[in-house]
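Report on the following structure.
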Amino acid sequence: MTTPDSGTQHTEHPRLMVIGAKVISYLFHPVFMPLVMAGVLYLVSPNSFTGTPDRELLTWAGIIFYNTIFIPLVAILLMKALGFVKSLKMETAKERIIPLMATMIFYFWVSQVFDRRSDVVVPLVLKVLLLGNLWGIIILFLINIFTKISMHTAAAGGMIGILIILYITGHVNIAIPFFIALLLAGLIGSARMILHAHERGDVWLGYIIGILVQVGAYLYLK
């Protein structure tokens, strides 16, 4: 199959494989990943959250959900209703410009909320995660000007990156979580390729950016 934009010849895949790729793409959509990764941090390294009341943890989860999932989704739905984007899939790089700009604002806000808390101690790894997500969305926005980088694999790379930070910062056995993260990252990248959503280079660039922003955020905050 040849796409109208690139003229690149693509291989047709079995229908069941395409359906599976769509399911993976929806389940691991980038909009869900900040909250998912925050949950992974808590499960893999509960000692990092020692002393934080359960009620406070629920409040943190609510703040992350509201700023990185709920508000961005509402904003994108409004953009579609107003004609700023043609499809919720945002299949072209041009369609992603305004949603990425809006998401930058929401990510900046949630990062600042946790970075400037003085009443409670926010774990360093959580601050790193949120700052890394902010830096990641800024870099994605800039790269998107030139090529349609994969936001799915950037989020998957961020998942790998934050686990690397956990390994660096504490005595946490991340062997199994890291293996699972690598497996999921591979599935996500494969799904995007099966759906012909990105070229191979954009998929790999997403992984690299996702990992580097988390490492960079750690080096900045430590």
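Throughout, read-outs are computed from the coordinates displayed, never taken from laboratory work. Just so it is clear, the structure is predicted and the values come from calculations on it, not from any experiment. Ideal geometry is used to build each Cβ from the backbone, glycine not excepted, and the neighbour counts take in all protein chains shown.
The table for this structure:
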| quantity | calculated |
| --- | --- |
| Rounded, prolate or oblate (a/c below 1.5 giving rounded, otherwise prolate when a/b exceeds b/c) for the stretch 99-222 by Cα gyration tensor | oblate |
| Assigned charges on the beta-carbon of Lys, Arg, Asp, Glu; the chain dipole about Cα centre (debye) | 200 |
| Size of charge dipole - the stretch 1-127 - debye, nearest 20, with Cβ of Lys, Arg +1 and Asp, Glu -1, no other charges | 200 |
| Size of electric dipole in the stretch 115-222: Cβ of Lys, Arg +1 and of Asp, Glu -1, about Cα centre, debye, nearest 20 | 80 |
| Hydrodynamic radius of the chain per Kirkwood, over alpha carbon pairs, in Å | 18.1 |
| Nearby aspartates and glutamates by direct alpha-carbon distance to residue 222 (threshold 15 angstrom, same-chain neighbours under 8 apart not counted) | 115 |
| Kyte-Doolittle at least 0.0, axis length at least 20 Å by Cα - qualifying DSSP helices, the chain | 97-115, 124-144, 151-169, 175-194, 200-221 |
| Theoretical ellipticity at 222 nm over the chain - DSSP helices of four or more residues, -39500 (n - 2.57) apiece, nearest 500 | -22500 deg cm²/dmol |
| For the stretch 1-105: rounded, prolate or oblate by the Cα gyration tensor [a/c cutoff 1.5] | oblate |
| Leading residue at positive end of dipole, the stretch 15-221 (Cβ point charges), from 160, 145, 71 | 145 |
| FRET efficiency estimate (nearest 0.05) - Cβ-Cβ, residue 54 to residue 208, R0 35 angstrom | 0.45 |
